[in-house]
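Student: My questions all concern the structure below.
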Amino acid sequence: MSLGAELNSVKDFIRDKAQQVGLDFFEVIFEMVNANQMNAIAAYGGFPNRYPHWRFGMEYERLNKTYTYGFSKIYEMVVNNDPCYAYLMKANSFVDQKLVMAHVYGHSDFFKNNIYFAHTNRKMMDKAGNHRTRIQRMMSRYGQDTVEDFIDICLSLETLVDINGAIRTPLIPPAIESQAELPKSEAVDGLKPNETISETLAEARIEKDVLLYLLENASLYDWQQEVLSIVRDEAYYFAPQRQSKIMNEGWASYWHSHLMTKHILNDEEIFDYADRHSGSMQTSGGNLNPYKVGIELFRDIEQRWNKGQFGRDYDECGDMHDKENWDKQLGLGREKIFEVRRLHNDVSFLDTFLTPDFCERMEFFTYDYDDKSDQFQVKSREFKEVKQKLLQMLTNGGNPIIGVVPGMEPNPGELYLRHQYEGVDLQMDYAKETLKNLYQLWRRPVSLETLVDDVTKIISFDGSEVRERRLS
């Protein structure tokens, strides 16, 4: 649905103001949709067309119910594409539409200029539609249940990609054509002793792109290779969004705040805008609001670089009064936040610019479950512990880092994986089910090395049962 003359005029005005303040974005195409359409697009991850799968329908039902009962409302949806597509909710007020447009131009600038988005497909709207056509063709040929069950398996593994590595095109081996060609399992009676595995494992090359390794080495039918390739393509497309949620939302919020208060709002719209903006910044107990953390840290960086509150002299200043009133009037803040927007993801953003003062102002703390009181309690407000916990939550999008270790298989043909331990144990029920799904693709025994209660263990699945043993 078109925007109408009044909203089109506002869109042009906001676009011009966004360019004047230095934002550099893709062309943005706004479309007006109703609540049902918005929920459907959101369920598809922002795309109007996506391959058919039950999880999208389940997500639509969840979004539709929470909207119907007033628990949540999606104000906007924007897609990393060139041109950039954005959807406006028809039921939004005029002030809401202004805010959303300003917010979207911030997102589009981030998509275009942040280095972690540089590899993403800028024509993903078209490619998602192509994926839909290909999956539908496979379902027609091999059966919907057969293809959908295999998609289930692939989606359970979609985080097993190397989000920090260069994307490589798989060298896919010839596909198998019949059941008779499936490889037979070898040496599945258990793991043989590995006296030297711990010594050599540290030196071994770990392939973190597990999906790539499967595409290049697993014996799959041609249609299964195609499905797995589609899941991998989309996993890499969405990976930067998981890596930069705080920065992306913080950047868009920073600019919608600046543009709305400096250039866009009329006097009578101030209260409505303040109500909407404060709602998006609200933080409930135990949850991290990426909008709030992102905008406040960008503002903190801008202020510090405007006043010169960085560098050796500032860090080594021992006088609290001088430090509090430190102002070299450098005026470098705006330039600095544009540089930060270009070069960082959430992990490096917080690792580089988080400060004790900022954490104190934001009232950050860590918490843990206390068995004696049978409730969660504040564990620490110490800066180092808070920062470590935040980085731990954000590293690899909060997912465990697991890679294939080629050449370390205890038995011929086995798939051997290693969990890069980062202080948090794997959820063993999830790990065991994931091994079973990996077996469905590899079709031979699969083993995973991990740390469980400070003990190195190997969990394996040979097609019949899951086994655990200590690594000697």
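Student: So if we plug the beta-carbon distance of Met281 and Ala91 into 1/(1 + (r/R0)^6) with R0 = 22 Å, what FRET efficiency do we get, rounded to 0.05?
Tutor: Numbers: r = 22 Å, r/R0 = 1.00.
Computed FRET efficiency for Met281 and Ala91: 0.50.
Student: What is the Cα centroid distance between the range 323-378 and the range 5-34, reported in whole angstrom?
Tutor: Each part's Cα centre sits 31 Å from the other's.
Student: For the chain, take the longest principal axis of its alpha carbons; what is the angle in degrees between that and the long axis of helix 333-343, to the nearest 10 within 0 to 90?
Tutor: Orientation of helix 333-343: about 20 degrees from the principal axis.
Student: Further question: Using the C-alpha gyration tensor of the range 290-397, what are the square roots of 5 times its eigenvalues, in whole angstrom, with the largest one first?
Tutor: The three semi-axes for the range 290-397 are 29, 18, 11 Å.
Student: Scan the chain and hand back the longest stretch that contains none of the GluC sites (Glu not before Pro) lying in DSSP loops with at most 14 other Cβ atoms within 10 Å. Write out the running numbers ahead of the final one.
Tutor: On the way: sites that count: Glu27, Glu177, Glu186, Glu195, Glu203, Glu363, Glu382, Glu422, Glu465.
My reading of the result: 204-362 is the longest stretch.
Student: Looking at the chain, send over the antiparallel percent of its DSSP beta bridges, to the nearest 5.
Tutor: Working: 26 of 37 bridges.
The antiparallel proportion sits near 70 percent.
Student: Taking each pair of distinct Cα atoms in the chain once, what is the resulting Kirkwood hydrodynamic radius in Å? It would help to have the intermediate numbers written out before the result.
Tutor: Values: mean 1/r = 0.0397 Å⁻¹.
After inverting the mean inverse Cα-Cα distance, the result is 25.2 Å.
Student: Using only the Cα atoms of the range 352-431, what are the Rg and Dmax in Å?
Tutor: 18.0, 57
Student: Just to be sure I understand the model, the point goes 7 Å from the Cα along the line to the Cβ. What's the resulting Leu332 to Ser464 distance in nm?
Tutor: A separation of 6.7 nm, rounded to one decimal place.
Student: Still on this structure, please answer the following. Please give the FRET efficiency for Arg381 paired with Ser140, using the beta carbon to beta carbon distance and R0 = 45 Å, rounded to the nearest 0.05.
Tutor: Working: r = 59 Å, r/R0 = 1.30.
E(calc), rounded to 0.05, equals 0.15.
Student: Right, next: Quickly work out the Asn49-to-Ile270 label distance, labels modelled 7 Å from Cα along the C-beta direction, and quote it in nm with one decimal.
Tutor: Distance between the two pseudo-spin positions: 4.8 nm.
Student: Continuing with this model, one more query. When you count, for each residue, the other Cβ atoms within 10 Å and take the mean per peptide, how do 306-314, 455-463 rank with the highest first? Mind showing how you got there, number by number?
Tutor: On the way: 306-314: 14.8, 455-463: 18.1.
Output ranking for 306-314, 455-463: 455-463, 306-314.
Student: State the dimensionless ratio Rg/Rh of the range 206-333 (Rg: radius of gyration of Cα atoms; Rh: Kirkwood radius). Mind showing how you got there, number by number?
Tutor: On the way: Rg = 23.0 Å, Rh = 19.2 Å.
Radius of gyration over Kirkwood radius for the range 206-333 works out to 1.20.
Student: Sticking with this one: Mind scanning Lys245/Lys372; Lys11/Lys90; Lys98/Lys336; Lys11/Lys262; Lys328/Lys387; Lys379/Lys432 and naming the pairs with a C-alpha gap bigger than 24 Å?
Tutor: Beyond 24 Å between Cα atoms: Lys245/Lys372; Lys98/Lys336; Lys328/Lys387; Lys379/Lys432.
Student: Then there is this: Within the P(r) computed for the range 1-107, what percentage of the Cα pairs occupies the region above 24 Å? All intermediate terms of the calculation are to be shown ahead of the outcome.
Tutor: Details: 1487 of 5671 pairs.
I get 26 percent for the Cα pairs in the range 1-107 exceeding 24 Å.
Student: Would you calculate, for the chain, the mean residue ellipticity at 222 nm contributed by helices, counting each DSSP H stretch of 4 or more residues as -39,500 (n - 2.57) and dividing by all residues, to the nearest 500? Intermediate values should be presented prior to the final figure.
Tutor: Values: 19 runs with 234 residues, N = 472.
My calculation for the chain gives -15500 deg cm²/dmol from helical runs alone.
Student: By count of other Cβ within 10 Å, fewest leading, how are Ile230, Ile14 ordered? Working shown, then result.
Tutor: Numbers: Ile230 21, Ile14 24.
Listed from fewest to most nearby Cβ atoms, that is Ile230, Ile14.
Student: Right, here's the next one. For the chain, take the longest principal axis of its alpha carbons; what is the angle in degrees between that and the long axis of helix 144-155, to the nearest 10 within 0 to 90?
Tutor: 70
Student: Measure nothing fancy, just the Cα-based angle from helix 124-142's long axis to the longest principal axis of the chain, in degrees from 0 to 90, nearest 10.
Tutor: Value to nearest ten degrees: 30.
Student: Now, a different point. Once fully extended, how much extra length lies between Leu471 and Tyr369, figured as 0.36 nm per residue of separation less the alpha-carbon to alpha-carbon distance?
Tutor: The Leu471-Tyr369 span can extend by a further 33.7 nm.
Each value in this text was obtained by applying a stated rule to the coordinates, not by laboratory testing. Just so we're clear, the structure is a prediction, and the values are computed from it rather than from any experiment. Glycine also receives a Cβ, built like all others from the backbone with ideal geometry; neighbour counts cover every protein chain displayed.
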